[in-house]
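Rule-based calculations on the coordinates, nothing more; no lab input. All figures in this text were calculated on a predicted structure; none of them were measured in a lab. Positions of Cβ are backbone-derived with ideal geometry, glycine not excepted, and every protein chain shown enters the neighbour counts.
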Amino acid sequence: MPLSRDELEAIAEHLLTAEAERREVPSLAKTHGELTLDEGYQVQDEIIARKLEAGDRLIGWKLGLTSREKQKAMGVFEPVYGALFASTLLPECEVKTGELIHPRVEPEIAVVMGEDLEGPDVTPARALAAVRWVLPALEVIDSRYQDFKFTLPDVVADNTSTARAVTGARPVPAEGLDLATVGVVFVKNGEIITTAAGAAVLGDPAIALARLANHLSRRGQKLKAGQLVFTGALTAAAFVAPGDVVEARFASLGSVSLRVV
């Protein structure tokens, strides 16, 4: 049976409490039974609404499960989507692990929309044409679930593990950029962890952006001019602890770094 409105609200409260108390909880599949993907997004919608009511501000969106390897591992062929809030951004490029549960960091290509983008049927070319700026970025993910173990609807309900984020200070005009070929060197404490390119994100971050616009359209929303979009992780996430310094060095976009305290 579909979950009732009261049940969806109770799950949202459960996850928000875990986030506020920095306390990991078992996956919803263990405590509340198997959710459908749509129910996961309904819980996410409730979390978004509650954060806005509490005074936070929606500044954009993000994608998860954008690599082919992760999709195959989860048995899905569509990324997942979540919201970015003003409280997510780290203006000082410093993340406090005491505010989180078990953070990990991953490099991403972020974009700033130059105009509204509304589905359905948005193509990658149309999506890229709507972008004004491109930025190097690092996302700090922090699942509220024990050991980062969850089902696909679970992670959607948890706003796709969104926690903190930082972008470079110098945006680059999108015009003329081929995001698929933008390379990145991912560095932790001065040592290279791995390298990748924008093509790691569904073959092209423009494809990810188009899928996001079409997903929002199905939920009666659209991408708005000025909104920030994290297009998806280019590499596996790195575990971090106090004292670590993580950096993503992008060709054409510059670098962005994050101190862990």
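Of all residues in the range 72-116, those being closer than 23 Å to ALA127 by Cβ and surrounded by fewer than 17 Cβ atoms within 10 Å (Cβ to Cβ) number 7. In the range 206-261, counting only strands (runs of 3 or more DSSP E) that sit wholly within it, the ones holding 3 or more residues that are more than 17 Å from the chain's Cα centre (by Cα) and of a type in the set (A, V, I, L, M, F, W, C) span 245-250.
Restricting the first member to the range 138-151 and to residues that are touching a residue at least 12 places away in the same chain (Cβ under 8 Å) and under 19 Å from LYS96 (Cα atoms), and the second to residues that are among the charged types (D, E, K, R) and not in a strand (DSSP E or B), the beta-carbon pairs closer than 6 Å and six or more apart or on different chains are ARG144/GLU19; ARG144/ASP158. Checking GLN42, GLN71 one by one, the residue that is among the polar types (S, T, N, Q) and within 16 Å of the chain's Cα centre (by Cα) is GLN71 and no other.
Give GLY190, GLY183, GLY168, GLY198 a once-over and let me know the one that is buried (at least 23 other Cβ atoms within 10 Å of the Cβ) and either of a type in the set (Gly, Ala, Ser) or on the phi > 0 side of the Ramachandran plot (or both). If you could, list the steps in order and put the result at the bottom.
Working: GLY190 fails: buried (at least 23 other Cβ atoms within 10 Å of the Cβ); GLY183 fails: buried (at least 23 other Cβ atoms within 10 Å of the Cβ); GLY168 fails: buried (at least 23 other Cβ atoms within 10 Å of the Cβ).
Result of the check over GLY190, GLY183, GLY168, GLY198: GLY198.
Regarding the range 49-65, can at least one residue be identified that is of a type in the set (D, E, K, R), under 25 Å from ARG211 (Cα atoms) and in a helix (DSSP H, G or I)? Looking for residues that are of a type in the set (D, E, K, R), under 25 Å from ARG211 (Cα atoms) and in a helix (DSSP H, G or I), one finds at least one in the range 49-65, hence yes. With respect to VAL185, determine if the residue is within 30 Å of PRO26 (Cα to Cα), β-branched (Val, Ile, Thr) and not in a loop (DSSP other than H, G, I, E, B). Taking the combined requirement at face value, the residue does not satisfy it. From the list VAL166, VAL156, the lone residue that is touching a Cys at 6+ places or on another chain (Cβ under 6 Å) and either more than 24 Å from GLU115 (Cα to Cα) or not aromatic (Phe, Trp, Tyr) (or both) is VAL166. If you scan the range 1-30, which residues turn out to be in contact (Cβ under 8 Å) with a residue 24 or more places away in the chain and outside any helix (DSSP H, G or I)? Listed by number, the residues that qualify are PRO2, LEU3, ARG22, ARG23, GLU24, VAL25, PRO26, SER27.
Among residues of the range 127-148 being more than 17 Å from the chain's Cα centre (by Cα) and of a type in the set (D, E, K, R), the one that is surrounded by the most Cβ atoms within 10 Å (Cβ to Cβ) is ARG132. When residues in the range 160-182 are screened for being part of a loop (DSSP other than H, G, I, E, B) and within 21 Å of SER257 (Cβ to Cβ), 5 of them pass.
Looking at the range 199-216 only, could you name the residues that are of a type in the set (Gly, Ala, Ser) and either without any contact (Cβ under 8 Å) to a residue 60 or more places away in the chain or more than 15 Å from GLN71 (Cα to Cα) (or both)?
ALA199, GLY203, ALA206, ALA210, ALA213 - these are the residues of the range 199-216 that are of a type in the set (Gly, Ala, Ser) and either without any contact (Cβ under 8 Å) to a residue 60 or more places away in the chain or more than 15 Å from GLN71 (Cα to Cα) (or both).
For the range 219-261, a residue qualifies if it is surrounded by fewer than 19 Cβ atoms within 10 Å (Cβ to Cβ) and among the aromatic types (Phe, Trp, Tyr), and exactly one does: PHE239.
Just give me the residues in the range 199-232 being in contact with a helix residue (DSSP H, G or I) (Cβ under 8 Å, 6 or more places away or on another chain), farther than 17 Å from ALA130 by Cβ and small (Gly, Ala, Ser), in sequence order. Within the range 199-232, ALA199, GLY203, GLY232 qualify. Evaluating GLY33 against the criteria (1) part of a loop (DSSP other than H, G, I, E, B); (2) at negative phi leaves one unmet condition, (2).
Looking at the range 76-146, what strands (runs of 3 or more DSSP E) fall wholly within it and have at least 1 residues that are of a type in the set (Asp, Glu)?
104-113, 131-141
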